[in-house]
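Below is one structure, written out as structure tokens, with a few remarks after it.
The values are calculated or read from the model by the stated rules, or taken from the named source; none is laboratory data. Since this is a predicted model, take the numbers as computed values, not measurements. Methodologically, a virtual Cβ is constructed for each residue, glycine included, from the backbone with ideal geometry; neighbour enumeration extends over all protein chains shown. These accessible areas exclude ligands, DNA and RNA; they are computed on the full protein's heavy atoms, side chains included. Shrake-Rupley method; radii C 1.70, N 1.55, O 1.52, S 1.80 Å.
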Amino acid sequence: MSKKPKQIIPRKTPMPEQPPAERIKNYDEVPYGYTPEQAIAEAKRCLECARPLCVEGCPVNVNIPAFLKLVAEGDFRGAINVIKETNALPAVSGRVCPQEEQCEGKCALSKRFESVAVGRLERFAADWEASQGTPSIPDLTPPTGKKVAVVGSGPAGITVAADLVRKGHHVTIFEALHEPGGVLVYGIPEFRLPKAIVRREVEYVCSLGVKLVKDFVVGAAETVDELLEEYDAVFLGTGAGLPWFLNIPGENLNGVYSANEYLTRANLMKAYRFPEYDTPIARGKRVATVGGGNVAMDSARTALRLGAEESIIVYRRSREEMPARAEEIHHAEQEGIRFELLTTPVAFHGDDNSWVKEIECIRNQLGEPDGSGRRRPVPIKDSNFRIPVDVAVLAIGQSPNPLIPKTTLDLKTGKDGVVIIDNETGKTSKKGVFAGGDVATGGATVIMAMGQGKKAAKAIDEYLKTGQW
Ligand code: SF4
């Protein structure tokens, strides 16, 4: 008997969220998440495709139709177990992945209707498991006696650690900061990714047997070569923490921050919990953030929550070319952030106390596409104008910190200091040393870092078993 065709429900089940006027006064997470009933209704929209393109769109190849089917049947435990077979950070990726470009962008429904809300359902399954108490621990391979040092506890490092410990290797993560999570704790704000969730996922990986050493700066406390005396392999997942600047006049004025510093003060150093934490941070009334990616949206939205009366995004191309996730741009617009598009800063001007008071900008028009495939901003002659500000945040990109390459002489680096790797294995130029995530890409997405971590973990396992480089 042939299967009855499924009735198509064209739109996603909406996810309830805090109203904009409320949420700009607090740091609580914006979306509340699905209820079990909403999750079941949404999962039932899946067509159970014979060739599920959503899986091809997922950098860590989660078996999406299998977990959606289990959610639709109300078997939430089964669903999270399927996700965790390939994804060690589901509550994180369910929140911060650019799903519209990945699994959801490939979903069969998305050609004519709204895709299945895969990210929301992944988040639902992970949060449901957390609400049940202790998570289930997968079967682990018996110990192999091999030791791996993972440098950095961001998304790439955590993924590598989780995959290798499951294969029976002894894994130690070295984290330079006092809290694990890397960019997930210093970069992404609480209202987008609550830190309790990052802690929960790191604790899960540690519960599998991974050892975590905090406040340990590899490259200073010990070099990579010294680690290799004790460990059979090293994975570098140190991220990209070196901010870029515009190199224009006035950039050294007080009140001009890199997004890296601004967000670290707000998030990791908890300026958002004033007066409990009295972290110094300039609370401007008019704050301009330069850039169009997720980091720019995070900075501009953080400025509002730190008390700004006006928060402005200054971006050199149009809205269409913005690299930020659609949902982040939408949330920023809902919160009243002003967008100065097709605009490039050319100078900062200060007051008598050397505090920034204006950004001088020039208007652009769009030209031919550049190397990134996006249309190039072309300055319009004599279109200069000034935006009054008392804080400016630069969110225009970042490079890896040079400490490890400087202290590891045979580690090859490329443009902007990225560690050169083989894309399929994460192998660097140095035997026994692998790398992945932003240290190798210069700044991509959390899920891309996790995808590279998975490939590197597979290659490290093979290297440990065969000794072949
Ligand atoms: S492509 Fe979309 S409809 Fe098809 S299996 Fe994946 S989520 Fe379901």
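Residues that are open to solvent by less than 20 Å² (accessible area, probe 1.4 Å), near the ligand (Cβ under 9 Å from one of its atoms) and part of a loop (DSSP other than H, G, I, E, B) within segment 51-106 comprise just one, 57.
Residue 292 meets all of the listed conditions (1) in a loop (DSSP other than H, G, I, E, B); (2) within 25 Å of the chain's Cα centre (by Cα); (3) surrounded by fewer than 22 Cβ atoms within 10 Å (Cβ to Cβ) but one, namely (3).
Among the residues of segment 214-240, those that are more than 16 Å from residue 406 (Cα to Cα) and among the charged types (D, E, K, R) comprise 214, 215, 229, 230, 232.
Yes or no, residue by residue, for (1) under 14 Å from residue 457 (Cβ atoms); (2) aromatic (Phe, Trp, Tyr); (3) within 15 Å of the ligand (Cβ to nearest atom):
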| position | (1), (2), (3) |
| --- | --- |
| 113 | no, yes, yes |
| 119 | no, no, yes |
| 138 | no, no, no |
| 149 | yes, no, no |
| 175 | no, no, no |
| 178 | no, no, no |
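Of everything listed in (1) open to solvent by 20 Å² or more (accessible area, probe 1.4 Å); (2) aliphatic (A, V, I, L, M); (3) under 26 Å from residue 452 (Cα atoms), the single unmet condition for residue 248 is (3). Here residue 21 clears all of (1) touching a residue at least 40 places away in the same chain (Cβ under 8 Å); (2) surrounded by fewer than 20 Cβ atoms within 10 Å (Cβ to Cβ) except the condition numbered (1).
Has segment 408-418 got at least one residue that is touching a strand residue (DSSP E or B) at 6+ places or on another chain (Cβ under 7 Å), surrounded by fewer than 19 Cβ atoms within 10 Å (Cβ to Cβ), at positive phi and not in a strand (DSSP E or B)? Yes; the residues of segment 408-418 include at least one that is touching a strand residue (DSSP E or B) at 6+ places or on another chain (Cβ under 7 Å), surrounded by fewer than 19 Cβ atoms within 10 Å (Cβ to Cβ), at positive phi and not in a strand (DSSP E or B). Within segment 129-162, the set of residues being touching a Gly at 6+ places or on another chain (Cβ under 9 Å) and surrounded by fewer than 24 Cβ atoms within 10 Å (Cβ to Cβ) comprises 140, 141, 142, 143, 144, 145, 146.
Without any contact (Cβ under 8 Å) to a residue 24 or more places away in the chain and either farther than 24 Å from residue 18 by Cβ or among the polar types (S, T, N, Q) (or both): is that true of residue 280 in this structure?
For residue 280, the condition - without any contact (Cβ under 8 Å) to a residue 24 or more places away in the chain and either farther than 24 Å from residue 18 by Cβ or among the polar types (S, T, N, Q) (or both) - is met.
When segment 128-153 is filtered for residues that are modelled with pLDDT of 95 or more and either within 17 Å of residue 238 (Cβ to Cβ) or assigned to a helix (DSSP H, G or I) (or both), the ones remaining, listed by number, are 128, 148, 149, 150, 151, 152, 153.
When you look at residue 161, is it in a helix (DSSP H, G or I) and free of Cβ contacts under 8 Å to residues at least 12 places away in the same chain, yes or no? Answer is no for this residue. Pairing each residue of segment 24-51 that is small (Gly, Ala, Ser) with any residue that is open to solvent by 80 Å² or more (accessible area, probe 1.4 Å), provided the two are 6+ apart or on different chains, yields no C-beta distance under 6 Å.
Residue 180 passes every criterion in (1) touching a Lys or Arg at 6+ places or on another chain (Cβ under 7 Å); (2) touching a residue at least 40 places away in the same chain (Cβ under 8 Å) apart from (2). Of all the criteria given as (1) without any contact (Cβ under 8 Å) to a residue 40 or more places away in the chain; (2) open to solvent by 20 Å² or more (accessible area, probe 1.4 Å); (3) part of a strand (DSSP E or B), the one not satisfied by residue 261 is (3). The residues on offer are 47, 109, and the sole one that is outside any loop (DSSP other than H, G, I, E, B) and either open to solvent by 20 Å² or more (accessible area, probe 1.4 Å) or touching a Ser or Thr at 6+ places or on another chain (Cβ under 8 Å) (or both) is 109.
Scanning segment 30-44 for residues that are in a helix (DSSP H, G or I) and more than 27 Å from the chain's Cα centre (by Cα) yields a count of 3.
I need every pair where a residue in segment 91-111 that is on the phi < 0 side of the Ramachandran plot has its Cβ under 9 Å from the Cβ of a residue that is of a type in the set (Phe, Trp, Tyr) and within 14 Å of the ligand (Cβ to nearest atom), sequence separation at least 6 or different chains. Here the result reads none, with nothing in segment 91-111 linked to a residue that is of a type in the set (Phe, Trp, Tyr) and within 14 Å of the ligand (Cβ to nearest atom).
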